[in-house]
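The values are calculated or read from the model by the stated rules, or taken from the named source; none is laboratory data. Bear in mind the structure is a predicted one, so any value in this text is a computation, not a measurement. All Cβ positions, glycine included, derive from the backbone under ideal geometry; neighbour counts span all protein chains shown. Accessible surface areas use protein heavy atoms only, side chains included; no ligands, DNA or RNA. Shrake-Rupley method; radii C 1.70, N 1.55, O 1.52, S 1.80 Å.
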Amino acid sequence: MAQKPSIPKGTRDFSPEEVLRRNYIINTLRHNFELFGFQPIETPSFENSSTLMGKYGDEGDRLIFKILNSGDYLNKVSEKTYESKDSNALTSEISEKALRYDLTVPFARYVVQHQNEIEFPFKRYQIQPVWRADRPQKGRFREFFQCDADAVGSDSLLQEVAFVQLYDSVFTDLGLKGALVKINNRKILSGLAETIGAADKLIDFTVALDKLDKIGEEGVIKEMLAKGITEEAIARVKPIFNASGSFAEKLSLLKELLVDSETGKQGIEELEYINTKIEALGLKTVGLDLDVTLARGLNYYTGAIFEVSAPEGVKMGSIGGGGRYDDLTGIFGLKNMSGVGISFGLDRIYLVLEELGLFPEQAIKGTRLLFINFGENEALYCLKAVQSLREAGITAELYPDAAKMKKQMSHADKRNIKFVVLAGTQEMEESVYTLKDMKSGEQHRVSIEGLIEALS
RNA sequence: GUGGUUGUAGCUCAGUUGGUUAGAGCGCCUGAUUGUGGUUCAGGAGGUCGUCGGUUCGAGACCGAUCUUCCACCCCA
């Protein structure tokens, strides 16, 4: 037997229906990105390893797909490296290119490389696949699309405000109600760590805090203790574990806690500014909420942190996220370039829309009209009508072979084509077409104009 | 990367303590029906039981390795 074909772990094929649905989401995103003044760019699917390595932490480096050098790469490895069997050392000698891990670092590289051509502030969007050598599970793949919008070269908090509006606009267009934009600020997290005397354990502190909704208060406390944060310190931040109420109420709780922290107070001011503006402008679909426990993993966020959660009742994690990073381009030598950006999780939005039945039928329709093929002469007669229909913007096609009627009709049925036309010698003599509605089974004879009218 | 889980027809799955020729439903093909699809009826094709190795007189079943599926952790969209 022939070898059973397969695709690599964590990758997927997409059927026509799936591609149409994905395109519907992508088109909605693209439309809104452009509406907000973002410009499209694209970057290569693989970069020099040096561009990517070390930007995502040790864990990230492990998850980057490396591309093997061409030629007799092993022959060029130094004896010392070869004999040491040190994977990391060997990797850098046999691989100098790697698949894109996200869109943010390539964007930073792009900005630095093209800084003299770019007009700042620069707002770009980018919708491309990225790759991670992760172990896949539900909603997590080794190849997936990121849909990013970032703005660099402006410190203004109005950018943050615009991103909240962008989320609102996109989810309004997609008809997805109940999504919640959660916002926090890295400075508040720093302030909290500072206030409790754990400034040196900021990362451990935030990682533990981020798990609150997953492992609960006890779990978080346990993890913090394990990381060496004292009981007194934990007791001081305990009020935020079950902070509730309005945005303003949570802010006032933070104000009390962070009264001695300059950094913390600055974070509060920023959140207050964003919230005030959003309240004045109003949101159509999404909600905006302050979530003090929001502490997304990426180390480079310095200000606002965003995360969008799916509507309640849908078993899905975040469907988007982002934040402000003050010095992303610094690693490539361009200082003082603040950026802020968000990302939409295409695959997860797809799963949510599917679960809630929110894909509009018109967005995913295929061919609407199939002409049955009775032979050479009849086919030509049909193609004339096909041509006219296509000129009128109606998707129509002729079955390519004069196959059995049953086969052709069944083909239309399986492809979910709503109408078929039967045109044989009788119809040709009278210059008409027999149009059949596949759902009702009704059929009648009409002219070309009649066809166009019926399908319009 | 750690721990667990899964793999039998195109798809979803049965398959008894290891014992002839491995089954079902759906789908597919042919016919009933030479200008009418879906429904119905009759017939038919399709399997190296993920792969490699081991135990055994005998393996779909037991053991090992490997790949794959899904889940939890780590991390993340």
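The mean sequence distance of close C-alpha pairs (under 8 Å, at least 6 residues apart), as a share of the length of chain A, puts its relative contact order at 15 percent. Its Cα gyration tensor gives the stretch A:366-455 an equivalent ellipsoid. The semi-axes, each the square root of 5 times an eigenvalue, are 16, 16, 13 Å from largest down.
Across the accessible surface of chain A, with the other protein chains kept in place and a 1.4 Å probe, carbon and sulfur atoms take up 49 percent. A crude spin-label estimate for the pair A:K277 and A:V259, with each label 7 Å from Cα along the Cβ direction, gives 3.0 nm. Its residue count N fixes a reference of 2.2 N^0.38 Å for chain A, and the Cα radius of gyration divided by that reference is 1.26. For chain A, the share of DSSP beta bridges that are antiparallel, to the nearest 5, is 80%. Say a paramagnetic label sat at a point 7 Å from the Cα of A:R390, along Cα to Cβ; which residues of the stretch A:343-372 have their backbone N under 16 Å from it? In the stretch A:343-372, the label zone of A:R390 (backbone N under 16 Å from the point 7 Å along Cα→Cβ) covers A:367-372.
Between A:N377 and A:R12, full extension at 0.36 nm per residue minus the direct alpha carbon distance yields a gain of 127.1 nm. With protein chains left intact and a 1.4 Å probe, residues in the stretch A:366-455 average 59 Å² of accessible area per residue. Semi-axis lengths, largest first, of the ellipsoid equivalent to the stretch A:164-203 are 35, 8, 7 Å, with √(5λ) applied to each eigenvalue of the Cα gyration tensor. The trypsin sites (Lys or Arg not before Pro) of the stretch A:28-107 that DSSP puts in a loop, and whose beta carbon has at most 11 other beta carbons within 10 Å, are A:K85.
Specify the angular offset, from 0 to 90 degrees and rounded to the nearest 10, of the alpha carbon long axis of helix A:247-257 from the longest principal axis of the alpha carbons in chain A. So the inclination is approximately 20 degrees. One decimal place: the segment A:E83-A:K222 gains 45.7 nm when fully extended, by the rule 0.36 nm per residue minus the C-alpha distance.
Charging the Cβ of each Asp and Glu at -1 and of each Lys and Arg at +1, and nothing else, the dipole of chain A about its Cα centre rounds to 1080 debye.
Relative to the dominant Cα principal axis of chain A, helix A:158-173 is inclined by about 30°. The string of couplings for the stretch A:51-63 from the Karplus curve (6.51, -1.76, 1.60, θ = phi - 60°) is 5, 9, 5, x, 8, 10, x, 4, 4, x, 4, 5, 8 Hz, one whole number per residue in order, with x for Gly and Pro. For the Cα trace of the stretch A:77-181, dividing Rg by the Kirkwood Rh returns an Rg/Rh value of 1.12. The amide H of A:K97, built 1.01 Å from its N in the peptide plane, has A:S49, A:I67 as neighbours under 5 Å, considering only residues 5 or more places off or on other chains.
Of the residues A:N275, A:G317, A:I183, the one whose Cα sits farthest toward the positive end of the charge dipole of chain A, with +1 on the Cβ of Lys and Arg and -1 on the Cβ of Asp and Glu, is A:G317. Given 20 °C and 1.002 mPa s, how large is the Stokes-Einstein diffusion coefficient of the stretch A:1-53 in µm²/s, with Rh as the Kirkwood radius over Cα pairs? Diffusion coefficient, whole number: 142 µm²/s.
Here r is the Cβ-Cβ distance between A:D401 and A:L74 and R0 is 45 Å; the resulting FRET efficiency, rounded to 0.05, is 0.25. Taking every protein chain into account, the accessible area of the stretch A:16-355 amounts to 48 square angstrom per residue (probe 1.4 Å). Here is the list for the stretch A:68-170: GluC sites (Glu not before Pro) lying in DSSP coil, each with at most 13 other C-beta atoms within 10 angstrom of its C-beta, are A:E117, A:E119. Helix content alone sets the calculated 222 nm mean residue ellipticity of chain A: runs of n ≥ 4 DSSP H residues at -39500 (n - 2.57) each, divided across all residues, give -12500 deg cm²/dmol. Computed on protein heavy atoms with a 1.4 Å probe, the accessible areas place A:D347, A:D289 in the order A:D289, A:D347, largest first.
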